[in-house]
């Protein structure tokens, strides 16, 4: 599956389960690790896990099994590795602490970095 379509699928899955402040960041010119980073906030540890589960469910249903899922036990920060798309689902306090989007925005080209 094309990485942009996969990013759109993950974004829709997150929004379907009421994720907050979903950001899709195009990192193709910044790293070879992935094409897109998606960052979203959940309202509780249960919500964070539910959001990540929905992304996994939708991606798997589209024929793209995740390479890995980390952090489900604690539910404060769950990472879903879809190879070309990395999804970070976090509690608000964790997102505020790590500020991942600031890391990528700082290095992203001014035009078209966030999609």
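The values are calculated or read from the model by the stated rules, or taken from the named source; none is laboratory data. Here the structure is a predicted model, which is why all the values come from computation and not from measurement. When we count neighbours, we look across all protein chains shown, and the Cβ atoms used for this are built from the backbone with ideal geometry, even at glycine.
What number of residues in region 53-67 are surrounded by fewer than 18 Cβ atoms within 10 Å (Cβ to Cβ), outside any loop (DSSP other than H, G, I, E, B) and either in contact with a strand residue (DSSP E or B) (Cβ under 8 Å, 6 or more places away or on another chain) or without any contact (Cβ under 8 Å) to a residue 40 or more places away in the chain (or both)?
3
Return the residues of region 21-52 that are within 17 Å of residue 91 (Cα to Cα), over 12 Å from the mean Cα position of the chain (by Cα) and not in a helix (DSSP H, G or I); say none if nothing qualifies.
Listed by number, the residues that qualify are 43, 44.
Return the residues of region 2-20 that are in a helix (DSSP H, G or I), free of Cβ contacts under 8 Å to residues at least 60 places away in the same chain, surrounded by 15 or more Cβ atoms within 10 Å (Cβ to Cβ) and touching a helix residue (DSSP H, G or I) at 6+ places or on another chain (Cβ under 8 Å); say none if nothing qualifies.
9, 13
Which residue, of 45, 84, is in contact (Cβ under 8 Å) with a residue 40 or more places away in the chain and farther than 20 Å from residue 12 by Cβ?
45
How many of the residues in region 22-42 are surrounded by 12 or more Cβ atoms within 10 Å (Cβ to Cβ) and without any contact (Cβ under 8 Å) to a residue 40 or more places away in the chain?
Residues meeting the conditions: 3.
Select, from 94, 85, 56, the only residue that is under 19 Å from residue 28 (Cβ atoms), modelled with pLDDT of 95 or more and under 15 Å from the mean Cα position of the chain (by Cα).
Numbers: 94 fails: under 19 Å from residue 28 (Cβ atoms); 56 fails: under 19 Å from residue 28 (Cβ atoms).
Every option except 85 fails the conditions.
For region 68-82, which residues satisfy the criterion of being in a loop (DSSP other than H, G, I, E, B) and either over 14 Å from residue 42 (Cβ atoms) or modelled with pLDDT of 95 or more (or both)?
71, 73, 76, 82
Does region 87-101 hold any residues that are loosely packed, with under 15 Cβ neighbours inside 10 Å and touching a residue at least 60 places away in the same chain (Cβ under 8 Å), and which are they?
92
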